[in-house]
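K.L.:
Below you'll find the structure I mean.
The values are calculated or read from the model by the stated rules, or taken from the named source; none is laboratory data. Small disclaimer: the values here were computed from a predicted structure and weren't measured. Neighbour counts are summed over all protein chains in view; Cβ atoms, including those assigned to glycine, are modelled from backbone coordinates with ideal geometry. These area figures cover heavy atoms from the full protein model, side chains too; ligands, DNA and RNA do not enter into them. Shrake-Rupley method; radii C 1.70, N 1.55, O 1.52, S 1.80 Å.
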Amino acid sequence: MNGTGQKRNSAKALAMEGLWDNNPIFRQVLGICSTLAVTNMVLNTLVMCVALVVTLSLSSMSISLLRKGTPRNIRMMVETLIIAFYVIVVDILLKAYWPEMSQNLGPYVGLIITNCIVMGRAEACATSQPPFTALVDGFFNGLGYGAVLLLIAVPRELLGMGTLLGHAMPYFSGPHWDKWIIMVMPPGAFFMLATAVWIFRSIQGDKQKEGAK
Amino acid sequence: MTEKPKIGFRDGRSYPVLYMFALTFVATGVLIGLSRLTAGRVEVNRRVLFERAVLAALGSDHVRKMSAEAHKAFMENVAEPTESTAGAYRLVQADDVVAYALPFEGQGFWDVIRGVMGITPDGSALTGLAFYEQNETPGLGAEIVKPHFTDQFRNLLLDRSGPSLRLKPAGSRSARNDVDAISGATETCTRLERILNASILEWRGNIGNLEGAGAVRPVGESTGAVQ
């Protein structure tokens, strides 16, 4: 197999890992704070996911690029600095070019710095893998995080507010639908997250059993 | 005699310090540069949000137009606050003050809420209410910015004996100065009610003192309608 083929296979494997086999939310149970905080509106969730994918991919690549020169005893400080750098860049750009969204997300963009997924992937992958692998790993872990967040956000906004992306939905925004206010409150996020983890882990468990047979 | 093993630069104690310093220097430099590059735009965004809030509080239709048109409408119709208006902007038509736009701020449930309320010249009613900064819970407290909530403040009569206005649970309004609160956002509504009443009370006091001292020209009765 040539080098390009190997790289493609490796990228595919990393994609499967990040999106399904080792999904940050329902397998690694990382980044739960923001999962609970921003998923009551789909648009906010979408922008948060894009911000995390950008931060995670670029910080993983940068950490990997610097890994050979970074002293082992200060590596976590360096990782935090690089992650904070990209998060602040995203925050500045949002404030300048999308102020309404910057206001909607409030402190949550800044809190990406403390999102366990970013530091987790830096430690698990970026410090030991070449830049391209770290970039792909970060990108697909971010996508895996985003996919689960969106799956939680859609029913929360629909059932809780009767809207999707801020647009009123038929039936759910009408007088016949008594809005489930709990869905837009923090307990609603706990219920939806637990349901999502239960469903995905059950599917994974069934597949593993089939594989064992 | 045994020879000491050679210690390279990267094995020395100073290397991690210098490494971290260099990295921090570069990262900070880039961030300062980016921040300065976008500072003008961020300031314009803030100003536009504020001007739109003033126009919305005064009941102007210009608020729905593009930023440039809203800015032009603000510059043409709204006069900056002076000492005699006790910090309120003025909507002036034919040398008469048609309404005041009073900026207010106070602690909400999560963060500071900043907004503007439009008040008739005699201080007896609101012409509108708008917000330009808040970080309340999306879907709950953040609903205060939505028209279904803010529209209730248009031409709302204010009380002079008790609290100027009251936010009551939806469907339980009993007085002319009552407004439907948002279900599930009790904390935000309670704090907002407190902020608005305190701002109105303080402004009325300041304006009253200035009028008493002859610093402000008496204004006519409210028409209750703003362009």
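K.L.:
Just the residues that are among the charged types (D, E, K, R) and at pLDDT 85 or above, please, taken from the stretch B:91-110.
P.N.:
B:Glu105
K.L.:
If only one of A:Gly31, A:Gly69 is touching a Cys at 6+ places or on another chain (Cβ under 7 Å) and more than 14 Å from A:Val136 (Cβ to Cβ), which one is it?
P.N.:
Only one candidate qualifies: A:Gly31.
K.L.:
Within 26 Å of A:Phe200 (Cα to Cα) and either modelled with pLDDT of 75 or more or not hydroxyl-bearing (Ser, Thr, Tyr) (or both) - does that describe any residue in the stretch A:57-79?
P.N.:
yes
K.L.:
Using beta carbons and a limit of 6 Å, which pairs, at least six apart or on different chains, have the first residue in the stretch B:163-190 and within 14 Å of B:Phe153 (Cβ to Cβ) and the second one surrounded by fewer than 16 Cβ atoms within 10 Å (Cβ to Cβ) and among the small types (Gly, Ala, Ser)?
P.N.:
Partner pairs satisfying both residue conditions: B:Asp180/B:Ala170.
K.L.:
For residues that are more than 8 Å from every other protein chain (Cβ to nearest Cβ), without any contact (Cβ under 8 Å) to a residue 60 or more places away in the chain and within 17 Å of the chain's Cα centre (by Cα), tally how many sit in the stretch A:99-113.
P.N.:
2
K.L.:
Return the only residue of B:Val145, B:Val92, B:Val112 being β-branched (Val, Ile, Thr), in contact (Cβ under 8 Å) with a residue 12 or more places away in the chain and open to solvent by 60 Å² or more (accessible area, probe 1.4 Å).
P.N.:
Criteria check complete, one pass: B:Val145.
K.L.:
What's the number of the condition A:Gly110 fails, among (1) modelled with pLDDT under 80; (2) small (Gly, Ala, Ser); (3) open to solvent by less than 10 Å² (accessible area, probe 1.4 Å)?
P.N.:
For A:Gly110, the exception is condition (3).
K.L.:
Quick test for you: out of A:Ala122, A:Ala96, pick the one residue that is within 14 Å of another protein chain (Cβ to nearest Cβ) and surrounded by 19 or more Cβ atoms within 10 Å (Cβ to Cβ). Steps first, answer last, please.
P.N.:
On the way: A:Ala122 fails: within 14 Å of another protein chain (Cβ to nearest Cβ).
On inspection, the qualifying residue turns out to be A:Ala96.
K.L.:
Would you mention how many residues in the stretch B:183-219 are among the β-branched types (Val, Ile, Thr), open to solvent by less than 50 Å² (accessible area, probe 1.4 Å) and modelled with pLDDT of 85 or more?
P.N.:
Residues meeting the conditions: 3.
K.L.:
Hey, can you tell me all the residues within the stretch A:13-41 that are outside any loop (DSSP other than H, G, I, E, B) and away from chain B (no Cβ under 14 Å)?
P.N.:
A:Ala13, A:Leu14, A:Ala15, A:Met16, A:Glu17, A:Gly18, A:Leu19, A:Trp20, A:Asp21, A:Ile32, A:Cys33, A:Thr35
K.L.:
Would you call A:Asn73 over 30 Å from B:Arg13 (Cβ atoms) and out of contact with any His (no Cβ under 7 Å at 6 or more places or on another chain)?
P.N.:
Here the answer is no, as A:Asn73 does not meet what is asked.
K.L.:
Would you confirm whether or not the stretch A:45-61 contains a residue that is more than 25 Å from B:Leu34 (Cβ to Cβ) and touching a residue at least 12 places away in the same chain (Cβ under 8 Å)?
P.N.:
From the stretch A:45-61, those more than 25 Å from B:Leu34 (Cβ to Cβ) are A:45; that's our starting set.
This time we only want the ones that are touching a residue at least 12 places away in the same chain (Cβ under 8 Å), so: A:45.
Yes, the stretch A:45-61 contains a residue that is more than 25 Å from B:Leu34 (Cβ to Cβ) and touching a residue at least 12 places away in the same chain (Cβ under 8 Å).
K.L.:
Looking at the stretch A:44-69, which of its residues are open to solvent by 10 Å² or more (accessible area, probe 1.4 Å), farther than 15 Å from A:Cys125 by Cα and within 11 Å of another protein chain (Cβ to nearest Cβ)?
P.N.:
A:Gly69, the sole residue that qualifies.
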